[in-house]
Amino acid sequence: MLDVLIIGAGPCGLAAAIECGRQGLSSEIIDKHNVVHSIYLYPTHMQFFSTAEMLEIGDVPFAISNDKPFRHEALAYYRRVAKHFNLNIFPYEEALTITKQPDGSFQVKTQKRGGEKSIRQAKHVVIATGYFDHPNYIGIPGEDLEKVTHYFREAHPYAGMKTVVIGGSNSAVDAAMELIRVGAEVTMVYRGEEVSQNIKPWVRPLFDGMVQKGHLQLHLNSRVVQIAESWVTVLSNQGQETIIENDFVLALTGFRPDRKLLASSGVELNEDMEKPLYNPDTMETNVPGLYVAGVIASGRNANEVFIETGRFHGRLIAQHMVSNV
């Protein structure tokens, strides 16, 4: 029987496996996708806000020529770390259920990409699943049209097209800027009075300049209320309705962790059913031996936990496991 089964091969899951190994615990990682799939889903040319040092795990240096790494550099770094520690990773295997056994261990039913099901057994389980598979849907007519996406990879497919970007975060601003560079006609719609105060400082003046020059139409205090094949309807907080001709909609409204696996495993959630109850000193949930690591430990705001902080959860978890042996 394994000492630890880790569900999720993101940076926090990898970090947990490394720390378990340092404590002499056997571990395996399963993930329904591949290593650091969430980072793979980032925009192709994205540059992190954090420095490389803040993304390091396992005390392995993240050496790059720039201060802030790009997406492709992060992918290469985490692959290298996984290989360096010879982590036992089983990609494309999804955890379906987690069941506590009479002896205190866990039985985890899984399914591989081809449909093959199997059962894994472990003394402890760490859930370190991310959130990029679960966008925050707006819930408006037309959101399911083919022209709508909740992911932005790169601007090329939208060159010369009329695009609407919904959102006011870093991801929305970055997408709008890239769209302008390829000649897209960009309208940005955000419910707040201004775009996020956390916009990257080197991007903010460029963004403001695009708005002032009229290269980007910005609708603040507004929301998209309907999407059709050739137009969208925008409604201001004052009740003014505007119809905008449109080819594509990028609904960059953020993501949230999927907590169905947690809840079905007996983990208690807080009042709004968003945040799991756990001990922040050990990351252990109300189910003894079942731990959370990374963004899954956050509440309604998934940005409560980043790689920069979640990477240390594994150390707390591993230390608690060996202290209870």
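The values are calculated or read from the model by the stated rules, or taken from the named source; none is laboratory data. Here the structure is a predicted model, which is why all the values come from computation and not from measurement. Counting neighbours? That spans all protein chains shown, and the Cβs are built from the backbone with ideal geometry, glycine included. Surface accessibility is based on the protein's heavy atoms, side chains included, excluding ligands, DNA and RNA. Shrake-Rupley method; radii C 1.70, N 1.55, O 1.52, S 1.80 Å.
Brief remarks follow.
- Within region 1-23, considering residues that are charged (D, E, K, R) and part of a helix (DSSP H, G or I), the one surrounded by the most Cβ atoms within 10 Å (Cβ to Cβ): Glu19
Yes/no per residue for (1) in contact with a Pro (Cβ under 7 Å, 6 or more places away or on another chain); (2) outside the structural domain of Tyr40 (by the TED database); (3) within 26 Å of Gly266 (Cβ to Cβ); (4) assigned to a loop (DSSP other than H, G, I, E, B):
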{"site": "Gln121", "(1), (2), (3), (4)": "no, no, yes, no"}
{"site": "His124", "(1), (2), (3), (4)": "no, no, yes, no"}
{"site": "Thr129", "(1), (2), (3), (4)": "yes, no, yes, yes"}
{"site": "Ile140", "(1), (2), (3), (4)": "no, yes, no, yes"}
{"site": "Glu143", "(1), (2), (3), (4)": "no, yes, no, yes"}
{"site": "Glu154", "(1), (2), (3), (4)": "yes, yes, no, yes"}
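- Selection of region 24-54 for residues being assigned to a loop (DSSP other than H, G, I, E, B) and of a type in the set (A, V, I, L, M, F, W, C) yields Leu25, Val35, Val36, Leu41, Met46, Phe48, Phe49.
- Residue match in region 121-134 (condition: surrounded by 12 or more Cβ atoms within 10 Å (Cβ to Cβ), under 22 Å from Tyr291 (Cα atoms) and among the charged types (D, E, K, R)): yes
- Scanning region 225-241 for residues that are open to solvent by 100 Å² or more (accessible area, probe 1.4 Å) and touching a Gly at 6+ places or on another chain (Cβ under 9 Å) yields a single hit, Glu229.
- Residue match in region 164-181 (condition: surrounded by fewer than 19 Cβ atoms within 10 Å (Cβ to Cβ) and part of a strand (DSSP E or B)): no
- Within region 146-161, considering residues that are within 23 Å of the chain's Cα centre (by Cα) and open to solvent by 40 Å² or more (accessible area, probe 1.4 Å), the one modelled with the highest pLDDT: Glu146
- Residue check for Phe106: touching a strand residue (DSSP E or B) at 6+ places or on another chain (Cβ under 6 Å), open to solvent by 30 Å² or more (accessible area, probe 1.4 Å) and at pLDDT 95 or above: no
- Lone unmet requirement of (1) under 24 Å from Asn324 (Cα atoms); (2) in contact with a Leu (Cβ under 7 Å, 6 or more places away or on another chain); (3) polar (S, T, N, Q) for Asn279: (2)
- Lys100 meets each of the listed conditions (1) at pLDDT 95 or above; (2) open to solvent by 40 Å² or more (accessible area, probe 1.4 Å); (3) over 22 Å from Glu28 (Cβ atoms) apart from (3).
- Selection of region 4-25 for residues being more than 15 Å from Tyr77 (Cα to Cα) and not hydrophobic (A, V, I, L, M, F, W, C) yields Gly8, Glu19, Gly21, Arg22, Gln23, Gly24.
- Residue list for region 237-262, restricted to those being at pLDDT 95 or above and among the small types (Gly, Ala, Ser): Ala251
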